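These notes are about the structure you will find just below.
The values are calculated or read from the model by the stated rules, or taken from the named source; none is laboratory data. This structure is a prediction, so every number in the text was calculated from the model and none was measured. Neighbour counts are summed over all protein chains in view; Cβ atoms, including those assigned to glycine, are modelled from backbone coordinates with ideal geometry. Ligands, DNA and RNA are excluded from the accessible area calculation, which covers all protein heavy atoms including side chains. Shrake-Rupley method; radii C 1.70, N 1.55, O 1.52, S 1.80 Å.
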Amino acid sequence: MPDIGVPSTVTPVLLTFLDLVRRLAQEVGATKDPVTAIPTIQGVTGEVKRFADWISTAWWDIQNIHTDWRFLRRSTTFVTVDGQATYTPLEAGVTLGTFGQWDLKSFRVYNTAAGINNEIDLTEMDYDAWRNFYQFSSMRSSKSQPTRITETPDSSLGLGQVPLVGYTVYGDYYLAPVNLIADGDIPTLPSKHDKMIIVYKSMEDHGYFEAASEVLGRGKSRYKGMLNRLEMDQLKQIYSGGALA
């Protein structure tokens, strides 16, 4: 493969999309001076565009391996509207275009005027059961403090009973995966985890494309180890019970 840059010993710091593309080019032997060789990834073509596409795809794939990564978890809060049973992610305080999925087990509610001392957990409920009970006959207009929560088919939150005005609802959700687009876009991996995981994942695509078994094997091996550490740190751990007496 031809060298697309001037030899150098400079290794870029992995922070941004551009940094990751430069490091991929260096790792696969396309350049020894990635800073000079790849000043930007906007409007690029050919080999550099492939590097950028592989990095972007690798980050997208990592985010989608699990929908409940801790680094994608966020909290939101909203106040109920009198007689309104369902709330879209936007109405529930989630920034437009960022919603991935709800964590229904995390939701709580309290009377806003009375304060948090009267806060209670909202119990998760199957959508069909919620619809058949709280959205049927007179229950549609029977208003009180909500005690149940569900997710509707359009990813809105459904409350039961239909709430009165002035209840604060608080809970968590997970961000949707995002693409890397601009040079300065930064993956949301926790700072203690090396963003080289994205580079090693993208090396698999490069290895297959170039039929480069050494690059493919090195990428797969290092990616696997880093993914395992990320999963141990960023997923809910399942603990088994003790031995039976």
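Which length gain, in nm to one decimal place, applies between D154 and N64 when the Cα-Cα distance is subtracted from 0.36 nm times their residue separation?
30.4 nm
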| task | Could you tally up the Lys pairs in the chain with alpha carbons closer than 29 Å? Skip any pair fewer than 8 positions apart unless they're on separate chains. | result | 26
| query | Please report, for the Cα atoms of the stretch 68-130, the Rg to one decimal and the Dmax as a whole number; what are they, in angstrom? | reply | 13.0, 35
| request: Would you please give the FRET efficiency between T77 and A211, computed as 1/(1 + (r/R0)^6) with r the Cβ-Cβ distance and R0 = 51 Å, to the nearest 0.05? | output: 0.45
| field | 0 to 90° range, to nearest 10: angle between helix 46-65 axis and the chain longest Cα axis | value | 30
| message | Probe of 1.4 angstrom, ligands and nucleic acids ignored: what's the accessible area per residue over the chain, in square angstrom? | response | 53
| Added length on full extension, which subtracts the Cα-Cα distance from 0.36 nm per residue, K49 to A182 | 46.6 nm
| Whole-number percent relative contact order across the stretch 96-155, with pairs defined as alpha carbons under 8 Å at least 6 apart | 37
| query | Of the listed peptides 152-164, 14-26, what is their order by residue-averaged count of other C-beta atoms within 10 Å, with the highest listed first? | reply | 14-26, 152-164
| remark: Of the accessible area of the chain, computed with a 1.4 Å probe and all protein chains kept, carbon and sulfur make up a percent value of 53
| message | Residues of the stretch 151-166 with backbone nitrogen within less than 19 Å of a virtual label 7 Å along the Cα-to-Cβ line of I116, please, listed as ranges. | response | 166
| R0 = 35 Å: FRET efficiency of N132 with D103, Cβ-based, nearest 0.05? | 0.90
| request: Give the distance, in whole Å, between the Cα centre of the stretch 13-58 and the Cα centre of the stretch 69-84. | output: 37
| note | Rounded to the nearest 10, the angle in degrees between the Cα long axis of helix 213-234 and the longest principal axis of the Cα atoms of the chain comes to 30
| said: Given contacts defined as C-alpha pairs under 8 Å and at least six residues apart, what's the relative contact order of the chain, whole-number percent? | reply: 25
